[in-house]
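Novice: The structure is given below, and queries will be raised subsequently.
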Amino acid sequence: MTTTTTAVPVTTREETPPVRRRRRGLAPGRRLPATRLIGPALLLALWAAASAAGRLDPGAVPAPWTVLRTAGHLWTAGTLPTDIATSVERAAYGFAIGLVAGVVLALASGLSRVGEALIDGTVNLNRAIPTLGLIPLFILWLGIGETFKIAIIAIVVYIPIYLNTHAALSGIDSRYVELAEVQGLSRLRFIRQIVIPGALPGFFVGLRLGVTGSWLGLVVLEQINATSGLGYMMFQAQNYGQSDVILVGLLVYGVFGLVSDSAVRLIERRVLSWRRTLSS
């Protein structure tokens, strides 16, 4: 008697696709702090190459080494340190006042309907008026000394801080507000746990714009009845046709702007470490 055996297929355990480990390299859009210097370094190299090749008029655009030599002479003579200290002081006072004003007004407008009715339209009206156009009026009100310069810088700073912080407050998800009401959070805890974390991203955007604006305002303001400052130094150099001194002032402004913006970005990355984005 012949017995037939049926081959039973051997079931193999289904292979699971290997888990892809998250690459710890740089994500798209993520940048190392040092990479921000690549662009300026490239521009500097092109400037030096064009100057060495004789493509640039030395009277209009001096070579980088000429500008560095002029900066060294100004620093040794004590002119450049004094002008830098004066400009930093003006920018710091104006920035501090604008920062406080922008945050306070944004909170008052974002947390109260009455405050929004009184503040938001006024700030947007102020934004529509060219800030530099207010200079003659502020001179009449505050005199032609340091006060009006600081006041103009404060206006340049507070507007972007207010607008971005207020927009962030208005964009907080209403579900969080409902959750806070269900949990019975007090007004103080609601501001601390819901409002402030929700407004921080917009606040830092406005802070970056404000800190850059404080330096931009100095370029014009320090040419009006000033006896020191980088803008005053550049204005005097213009009268004597010293393009190398003008470039020294512009480079110092650019370095301070880049350094202050990088400092704000570093603080933002630390404070918002919980917020995962492409650029964080």
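Novice: Checking the conditions here, which among SER243, SER262 is touching a residue at least 60 places away in the same chain (Cβ under 8 Å) and surrounded by fewer than 16 Cβ atoms within 10 Å (Cβ to Cβ)?
Specialist: Working: SER243 fails: surrounded by fewer than 16 Cβ atoms within 10 Å (Cβ to Cβ).
That would be SER262, the only listed residue that is touching a residue at least 60 places away in the same chain (Cβ under 8 Å) and surrounded by fewer than 16 Cβ atoms within 10 Å (Cβ to Cβ).
A quick yes/no check of all residues on (1) charged (D, E, K, R); (2) under 19 Å from ILE119 (Cα atoms); (3) at pLDDT 75 or above:
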| site | (1), (2), (3) |
| --- | --- |
| ALA167 | no, yes, yes |
| GLY171 | no, yes, yes |
| VAL177 | no, no, no |
| ILE191 | no, no, yes |
| ILE196 | no, no, yes |
| ALA199 | no, yes, yes |
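Novice: I need the full set of residues from segment 140-166 which are surrounded by fewer than 19 Cβ atoms within 10 Å (Cβ to Cβ) and either closer than 28 Å to PRO197 by Cβ or free of Cβ contacts under 8 Å to residues at least 40 places away in the same chain (or both), in order please.
Specialist: Result: LEU140, TRP141, LEU142, GLY143, THR147.
Novice: So which of ILE172, ILE155 ends up being at negative phi and not in a helix (DSSP H, G or I)? Break it down into steps so the answer makes sense when it comes.
Specialist: On the way: ILE155 fails: not in a helix (DSSP H, G or I).
Just a single option satisfies the conditions, and that option is ILE172.
Novice: Would you check which residues across segment 140-152 are within 28 Å of the chain's Cα centre (by Cα) and part of a helix (DSSP H, G or I) and list them? Outline the logic, then answer.
Specialist: We begin by selecting, within segment 140-152, every residue within 28 Å of the chain's Cα centre (by Cα); these are 145-152.
GLU146, THR147, PHE148, LYS149, ILE150, ALA151, ILE152 - these are the residues of segment 140-152 that are within 28 Å of the chain's Cα centre (by Cα) and part of a helix (DSSP H, G or I).
Novice: I'm told ALA226 meets every condition in (1) more than 30 Å from PHE148 (Cα to Cα); (2) buried (at least 17 other Cβ atoms within 10 Å of the Cβ); (3) at pLDDT below 85 except one. Can you identify the failing condition by its number?
Specialist: Among (1) more than 30 Å from PHE148 (Cα to Cα); (2) buried (at least 17 other Cβ atoms within 10 Å of the Cβ); (3) at pLDDT below 85, ALA226 violates only (1).
Novice: Just to verify a result, which residue in segment 40-68, among those that are out of contact with any Asp or Glu (no Cβ under 8 Å at 6 or more places or on another chain) and touching a residue at least 24 places away in the same chain (Cβ under 8 Å), is surrounded by the most Cβ atoms within 10 Å (Cβ to Cβ)? Lay out the reasoning, then the answer.
Specialist: Filtering segment 40-68 down to residues out of contact with any Asp or Glu (no Cβ under 8 Å at 6 or more places or on another chain) leaves 40-61, 63-65, 68.
Cutting the leftovers down to touching a residue at least 24 places away in the same chain (Cβ under 8 Å) gives us 40, 59-61.
On the way: PRO40: 13, GLY59: 9, ALA60: 7, VAL61: 17.
Among those residues, the one meeting the criterion is VAL61.
Novice: With the structure loaded, tell me whether ALA96 is assigned to a helix (DSSP H, G or I), of a type in the set (A, V, I, L, M, F, W, C) and over 24 Å from GLY217 (Cβ atoms) or whether it fails that test. Please lay out each step first, then the result.
Specialist: On the way: assigned to a helix (DSSP H, G or I): yes; of a type in the set (A, V, I, L, M, F, W, C): yes; over 24 Å from GLY217 (Cβ atoms): no.
For ALA96, the condition - assigned to a helix (DSSP H, G or I), of a type in the set (A, V, I, L, M, F, W, C) and over 24 Å from GLY217 (Cβ atoms) - is not met.
Novice: How many of the residues in segment 167-216 are among the basic types (Lys, Arg) and surrounded by 14 or more Cβ atoms within 10 Å (Cβ to Cβ)?
Specialist: Residues of segment 167-216 that are among the basic types (Lys, Arg), as a first pass: 175, 187, 189, 192, 208.
With the extra rule that they be surrounded by 14 or more Cβ atoms within 10 Å (Cβ to Cβ), the set shrinks to 208.
Of the residues in segment 167-216, 1 are among the basic types (Lys, Arg) and surrounded by 14 or more Cβ atoms within 10 Å (Cβ to Cβ).
Novice: Identify the single condition in (1) in a helix (DSSP H, G or I); (2) modelled with pLDDT of 85 or more that ALA34 does not satisfy, given that it satisfies every other one.
Specialist: Single failed check for ALA34: (2).
Novice: Now for a different question. Can we say ILE135 is of a type outside the set (Gly, Ala, Ser) and more than 17 Å from VAL205 (Cα to Cα)? Walk me through it before giving the result.
Specialist: Working: of a type outside the set (Gly, Ala, Ser): yes; more than 17 Å from VAL205 (Cα to Cα): yes.
Answer is yes for this residue.
Novice: Shifting gears a bit: Quick one: in segment 110-124, of everything that is touching a helix residue (DSSP H, G or I) at 6+ places or on another chain (Cβ under 8 Å) and small (Gly, Ala, Ser), which residue is nearest to LEU163 (Cα to Cα)?
Specialist: For segment 110-124, the residue satisfying everything is GLY110.
The values are calculated or read from the model by the stated rules, or taken from the named source; none is laboratory data. Since this is a predicted model, take the numbers as computed values, not measurements. Neighbour counts run over all protein chains shown; Cβ positions are idealised from the backbone, glycine included.
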